[in-house]
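Bear in mind these aren't lab numbers, they're just calculated from the coordinates by the rules spelled out. Keep in mind that what you see is a predicted model, and the values were worked out from it rather than measured. Don't worry about glycine lacking a Cβ; one is built from the backbone with ideal geometry, like all the others, and counts go over all protein chains shown.
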């Protein structure tokens, strides 16, 4: 079977909470960032949330997963390379992928003593999200979890930037990049988090050396990857690169840079509720529109609109009707 998009990323069951900044301070969490944690470190946080009676929303997540779910709901054929355990969360995860129409190889047969990954997501009144991720079995994704033929028969291979944080995950990324024989398969990369880019710059540069075609990031990540002091300097840097880069700027819209040209797309005016998943939605929407022949300006406009719908929603996903509404916007444009 041929796919439109294959992606490699962490499989995490997301649980999202509305909290205030005082809670983040009390738990020692840095606002608007992603940190890795163990199940033991999650335990007191979860207990505190339960004691407080904080409402939550839970679903299968992970950055690449969110992008694939969006693209699949629009009609793209998608395949996910990720690792889940044969436990309650793993079953929930694969059921959710199946409902969204995203293909997957199935449960991992190795490291069976480890649980499926989890991510606690804290949304503050300013609509920013702070994440604490326990990778679990996802941290040990290996060659046995990869359908190389599926990737090689995909129009785009999309890499979640968080995959650089684990040696096993990074080896899986380079393994797939080394195995891609189809020169028509585009390689796309999400930078995921500015702190991750700073901390694992050498690994990102190694991924880049395989010939990346598309990069997705926000303005802070763009500056970190370019190694500059300002976004203006980063934009000038990207104008000299061979790859296309899409830079999201929140309420200011987004910028796409390709072949030395800068394309600005204004944001949709909304009242923000939750920015979690906005960048994932942007990337998934952009790749779907791109593969359907829309020009870069049209892709950016569509992706801005799609992201705005997620930001208006508590949680990183839309309902099936929500995705349908967004997809109709692309056809009308």
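Taking every DSSP helix (H) stretch of at least 4 residues in the chain, weighting each as -39,500 (n - 2.57) and dividing the sum by the residue count yields a mean residue ellipticity at 222 nm of -12500 deg cm²/dmol. With the Kirkwood sum run over all distinct C-alpha pairs, the stretch 187-243 has a hydrodynamic radius of 11.3 Å. The fewest-to-most ranking of 50, 309 by surrounding Cβ atoms within 10 Å reads 50, 309.
Annotation: extensible slack from residue 46 through residue 292 equals 84.3 nm (criterion: 0.36 nm per residue apart, minus Cα-Cα distance). This structure gives Rg/Rh (Cα atoms, Kirkwood Rh), computed directly, and of (1) 1.01; (2) 1.21; (3) 0.94 that value is listed as (3). Bridge orientation summary for the chain: considering DSSP beta bridges with both residues in this region, about 40 percent are antiparallel.
Protection proxy ranking of 237-245, 111-119, 67-75, by the mean of other Cβ atoms within 10 Å over each peptide's residues and highest first, is 67-75, 111-119, 237-245. Counting other Cβ atoms within 10 Å as a rough exposure proxy, the listed residues 34, 52 run 52, 34 from fewest neighbours to most. For the stretch 245-290, the extents of the C-alpha atoms along the principal axes are 35, 21, 14 Å, listed from largest to smallest. Quick one: check the C-alpha center-to-center distance for the stretch 152-175 versus the stretch 252-278, whole angstrom. The stretch 152-175 and the stretch 252-278 have Cα centres separated by 25 Å. Annotation for the stretch 83-116 versus the stretch 123-144: alpha-carbon center distance of 16 Å. For the stretch 37-141, the Cα gyration tensor yields ellipsoid semi-axes of 25, 19, 11 Å (square root of five times each eigenvalue, largest first, whole Å).
Distance from the Cα centroid of the stretch 307-333 to that of the stretch 1-62 is 23 Å (rounded to whole angstrom).
Whole-percent P(r), the stretch 190-285, all Cα pairs, 5 Å bins from 0: 3, 13, 24, 27, 19, 9, 4, 1, 0.
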